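The structure appears right after this line, and notes come after that.
Here, each number is a calculation from the coordinates, and none is a lab measurement. Computed from a predicted model, the values in this text were never measured in an experiment. All Cβ positions, even for glycine, are placed from backbone atoms using ideal geometry, and neighbour counts span all protein chains on display.
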Amino acid sequence: MLARVANNLFWMGRYIERSEHIARYLRVNYFSSLDAPNQLSQSRQFVLRSMLTMIGETVEDESLILNEEDVLYKIGLDPNYTSSIINNVRSSRENANSARDLISTELYESINKFYHFISNYDAKVYSKNGLHDFTLNVTEMSAILRGKVRSTLMHDEIYAIIMMGANIERATQIIRIINAKHNDALKAQGSYGDKFKNSFEWTTLLKCTESYDMMRRFYKKTPNSISTLEFLILNPDCPRSIMNSLNQVCKHIKILDSNKKPSRNSTAFLVGKIRAEYEFKCIVQIENDIQSVIDNTLSSLYQISQKMEEEFFSY
Amino acid sequence: MPLEYSITYKAENTYEEWVYEAYWQFLVIPEENESQQFIGVNFTNTINANNEFSINGHGFKTIRVHPKQKFNEIGFEANFKLIKKEINPFDFKPEEDISRSYEKIQELDFKVDYEAFLRTTHFTHIPEQKTPLFQFDLAKSIFDNIQKLNEYTYGYIHFNADATDVQTTLDEVLKIRQGVCQDFTHLFCALARMNGIPARYVSGYLHQGNGYFGDSQMHAWAEAFIPHVGWLGFDPTNNILAGTNHIKVAHGKDYSDCSPLKGVVYTAGKNETVHSVQVSSQNQQ
Amino acid sequence: MVNLENQIFSSYQRNPVLFDEIFDERGQVKEVYSKLFNLYGEHSINDYVNLNEKAKSSFFNQGITFQVYDKKKTQEKIFPFDLFPRIIPPEEWKIIESGAIQRSRALNLFLWDIYHDKKIIKQGIVPMELISSSANYLDQMNNVDPPGGIYNHISGTDVIKHTDGQYYVLEDNIRCPSGVSYVICNRTALKRALFGVFNHYKTYSVTNYAENLLDLLETVKPKGVDVPNVVVITPGMFNSAFYEHSYLAKTMGVELVEGRDLFVENDFVYMKTIQGPQKVDVIYRRIDDAFIDPLEFRPDSSLGVPGLFAAYKKGNVTLANAPGTGVADDKAVYTYMPEIIRYYLNEEPILNNVHTYHCSRPKELKYVLNNIENLVIKPVDEAGGYGISIGNRLSKKEIEVVKAQILLSPRKYVAQPIMSLSVHPTYIDKSESFEQRHVDLRTFTVLGKDKEFVLKGGLTRVALKRGNLIVNSSQGGGSKDTWVLKT
């Protein structure tokens, strides 16, 4: 496989995954805030700020009054904002385009349909009353793409590269969502006991990652900071956890690098090392300093991406 | 007595920004021919990139350099050694029957065989003139006429190293009547071709010990095809026939076939290139 | 005006001057089309409008589109596709196929000759100007022997049917002829929309193009290579034919590369893969000569590969089509095609050339001057349709002016009879009905070492504007599925 095309496939995987998380974050936060128990959690300004934090555009100035339609438009359909959903989908299609000879017709057709759906979506309808419909479609179409990747491509190098991209991106988005919600929880504290620990925002966090039902089944208790973070970071069976993503990355790098003993300078070695670190991490360590766990995770994921670039995408 | 030549070609390139990828192709190696033999080549660059020897589309030896790490400064140095036989440019059998030669250049086979060197190119295009610049005297031999043309070109252009550059075409040269070896050669070729004589642009080195025009760069002269004789070298910049002091590298239709350095460099900022050439000789013992 | 019971053809107006491919002079449906005519007649116009919309969105979702750059934003458009197929009966196809092969072989021998001994010029059969004044003649190809002796591996021959019912060649495209992917897409789209009609005809499949292309490319591999590594090189995804490039790579199962994916080392070509460099042996290039190697041709080309030509000249890589092939797809060369075929193959041309009168020849000059109103006058040295006079559109005064011009320098002019392209019923959105539209046919021929192949089908291009003879997609042309019937 060409190094350039591998790079494009990697980013295709990342962009497909990214749009979905952003869309879900918008929907869940917006709609759960409508009847949130806590006044701050209900505040529209609070929700809009949280959305901006999640996509990496934190608004520091507390006195600034944000316009709802502007914020929704910016994150969803603004062609001039590089991180908007429409630009993510456009980028995933562009990357797919350049690797069109390698991916299945079915996958390409679905990406293409997705793109045409988004680019034809009426921006006015969306920011007035289309948020639910729009974001739901984005998440569902992303799920279709994920299915097409799994079921219409050979599980070879091409697939491995896409899955590496998707899983690195998934872990990155989950950790960013955790970061944003951790921020919110510090502000909108609960009404009983340890107010931070019992914030309503932990429930929203789980919903934002589509993990609420799984978590309830697993712990059978109202989520608090510790159980939520343990579940989303360390539980290998939760398909949205950092641990699960790292396991996936580890599995797929072996398809690209089949050395039993990968060299110290390889991506496979780095991935294995980072994975082991999480495998033997315990929640007490995380609880003590949530922020630095978030920062370290982001930097580890970035390192993996950089290493791949060096090893596979540049010649 | 044969001469042993030693030639040094240097190029220094500096770039404002990092260069991540680049290719260069040098057309600077002396041609191996009857009078130029035992050619030794030593080529180095300052960043230890690989130097590859190859042959270009016109059949001349080239050196290609393709660095694999980033850089913002690179120097190239080529050293050539060769033995040049002493040449007497007049040492050929002159045309016996002048009319036979003029008939020859009218033949279709001749025109087809030398078509490339009879063709007008970007650099050998002369804008239409009211009176022809140079016309053959059909009473004289082709060689005599070409020698006249050599003299004519020498007299027409005044040597000035700053008047023109590698982009200059003949319409400009004819206006200012100033230029360098390249311009002399283009005018010579153009006028020879207009008179039906195949002419080609030659690039190479000139040993300047004898006070010839040229600068510390590569030199250019021309070769004209004289029927029943062959290709002969003429240096219109100096109004002489090419001889022992002329070390040929390549020939082509015009400068663009012979430019000593071609490069493809992927970088943002500006760049600067400095070339120099040194030719020295000694009599072979 | 013919009154027909068939409702979707009820408003079809037949201009008797034009050659209609499905109706004869009396307005009767020709036999080969009769089943199709009846089958389409079962649909109402409304059905048809729906099917047409579906076909359009199928192209759109498959991403078979090209981009149009507007001041404000880029727009994606599909090539208009007409659901009423064109049928070529077996006996007519035989002529087209053997004629296309004959032309490709003759052109290949012509190319070999003009890059080697140039006998055809020395013997005065074609003028020297064909090479000396051609921008596409590459001196660098002189005395180069392309692997397998093949220059024009892929040719696209444009054929029309004239009012006399005969096929004529308009052009031989041997630079990078495109359109073959649309032949296959059109077939797929028609199958999706109206699969039932296929049951009534025995039509050749068109999906075997890629495998034949790959087979033939493998016959021209460089010496000493066992199993060649073939790639397709594209200018990139913003090229209007990118879909076709990716389609060909995908169906041949080879890599689609851009110039920046390749590099040359020690005169061998490599591609940059995730496992490091991998040698490349055969390149099907969809980049023009001028851009393939910035060290040898246009220095400002960022599409090509520095050093590629040196590797080619050394025989380490095959380029298809060979560099310098474009010299033979010149208007001037076209006019000598009958002579070229006779000279190299010692055969009579199978397909007609549009006859060309050279005003440089006194007899022909006389004919031209006396028959200007029936001729198209073309200057030999102008490209892109400049300076063309169409005889039947000139006033008496203008004819005199043209005559004077020709007499002034007869060498500069050639003349051809005015050709009329046949018409085919084509569904027109605006009027929601079928109308006569001019069509041509691009056929695709692949030439390998001792092997050749013509795709049994082709791209029928339709000029969608009424009366227009220009079928190019850049001029708003559409296309039709083309059925070559089995005997």
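Would you compute the Debye intensity of the stretch B:98-258 from its alpha-carbon atoms alone, equal scatterers and no solvent, and pass along log10 I(q)/I(0) at q = 0.14 Å⁻¹ to two decimals?
For the stretch B:98-258 at q = 0.14 Å⁻¹, log10 I(q)/I(0) is -0.64.
Suppose we look only past 14 Å in the calculated P(r) of the stretch C:357-417. What percent of the Cα-Cα pairs does that tail hold?
Counting pairs separated by more than 14 Å, the tail of P(r) holds 48 percent.
Within the stretch B:98-258, how many Lys pairs that are eight or more residues apart, or on different chains, come under 22 Å at the alpha-carbon?
Qualifying lysine pairs in the stretch B:98-258: 10.
For the protein assembly as shown, with the dipole built from +1 on Lys and Arg beta-carbon atoms and -1 on Asp and Glu ones, taken about the Cα centre, which of C:G276, B:V65, C:L407 lies farthest toward the positive end?
C:G276
About its Cα centre, what dipole magnitude does the protein assembly as shown give when the only charges are +1 on Lys and Arg Cβ and -1 on Asp and Glu Cβ, stated in debye to the nearest 20?
Charge dipole of the protein assembly as shown: 2560 debye, to the nearest 20.
Among C:L138, C:F110, C:T65, pick out the residue whose Cα is farthest towards the positive end of the charge dipole of the stretch C:44-197, where Lys and Arg carry +1 and Asp and Glu carry -1 on C-beta, about the Cα centre.
C:T65
Restricting to Cα atoms and excluding each atom paired with itself, what does the Kirkwood estimate give for the stretch C:330-487 in Å? Display every interim value, and only then the final one.
Details: mean 1/r = 0.0543 Å⁻¹.
It is 18.4 Å.
Give me the compactness ratio for the stretch A:1-78, meaning the Cα radius of gyration over 2.2 N^0.38 Å.
That ratio works out to 1.40.
Going by how many other beta carbons lie within 10 Å of each one, how would you line up C:L408, B:L174, fewest first?
Values: C:L408 9, B:L174 18.
Lowest to highest Cβ neighbour count: C:L408, B:L174.
By the gyration tensor of its Cα atoms, with a ≥ b ≥ c the square roots of the eigenvalues, what is the shape of the stretch A:166-280: rounded for a/c under 1.5, prolate for a/b over b/c, or oblate?
It comes out prolate by the Cα gyration axes.
Show that you can apply the helix-only estimate: for chain A, add -39,500 (n - 2.57) for every DSSP H stretch of four or more residues, divide by all residues, and state [θ] at 222 nm to the nearest 500.
Mean residue ellipticity, 222 nm, calculated: -21500 deg cm²/dmol.
Please give the helix B:181-194 orientation as an angle from the longest Cα principal axis of chain B, in degrees from 0 to 90, rounded to the nearest 10.
Taking Cα atoms only, the helix is inclined about 40 degrees.
Please report A:L256, C:L217 as a ranked list, fewest other C-beta atoms within 10 angstrom at the top and most at the bottom.
Listed from fewest to most nearby Cβ atoms, that is A:L256, C:L217.
Along each principal axis of its Cα atoms, how long is the stretch C:1-61 end to end? Whole angstroms, biggest number first, please.
Here the Cα extents, ordered largest to smallest, are 42, 22, 21 Å.
More than 26 Å apart: what percent of Cα pairs in the stretch A:3-313 qualify?
Here the tail beyond 26 Å accounts for 47 percent of pairs.
Going highest first, how would you order C:334-340, C:158-164 by mean Cβ packing within 10 Å?
C:334-340, C:158-164
About its Cα centre, how strong a charge dipole does chain B have in debye, to the nearest 20, once Lys and Arg get +1 and Asp and Glu get -1 at the Cβ?
So the magnitude is around 180 debye.
I'd like to compare B:60-69, A:172-181: which one has the highest average count of other Cβ atoms within 10 Å, and what's the full order after that?
Result, highest mean first: A:172-181, B:60-69.
Okay, helix-only estimate at 222 nm for chain B: each DSSP H run of n ≥ 4 adds -39500 (n - 2.57), divide by all residues, round to 500 deg cm²/dmol; what do you get?
That comes out to -5000 deg cm²/dmol.
Rounded, prolate or oblate: which one fits chain B, using the alpha carbon gyration tensor with axes a ≥ b ≥ c (rounded when a/c is under 1.5, else prolate when a/b beats b/c, else oblate)?
It comes out prolate by the Cα gyration axes.
Do the alpha carbons of any pairs in C:K119/C:K331; C:K202/C:K250; C:K223/C:K449; C:K331/C:K449; B:K10/B:K68 sit beyond 23 Å of each other, and which pairs?
C:K202/C:K250; C:K331/C:K449
May I ask you to sort A:M12, B:M218, A:M243 by Cβ crowding, counting other Cβ atoms within 10 Å and putting the fewest first?
Lowest count first: A:M243, B:M218, A:M12.
Using the Cα atoms as the points, what is the convex hull volume per residue of the protein assembly as shown in Å³?
Working: hull volume 251.8 nm³, N = 1087.
Hull volume normalised by residue count: 232 Å³.
Taking Rh as the Kirkwood radius, which is the inverse of the mean 1/r over Cα pairs, what is the Rg/Rh value for chain C?
Expressed as Rg/Rh, it is 0.98.
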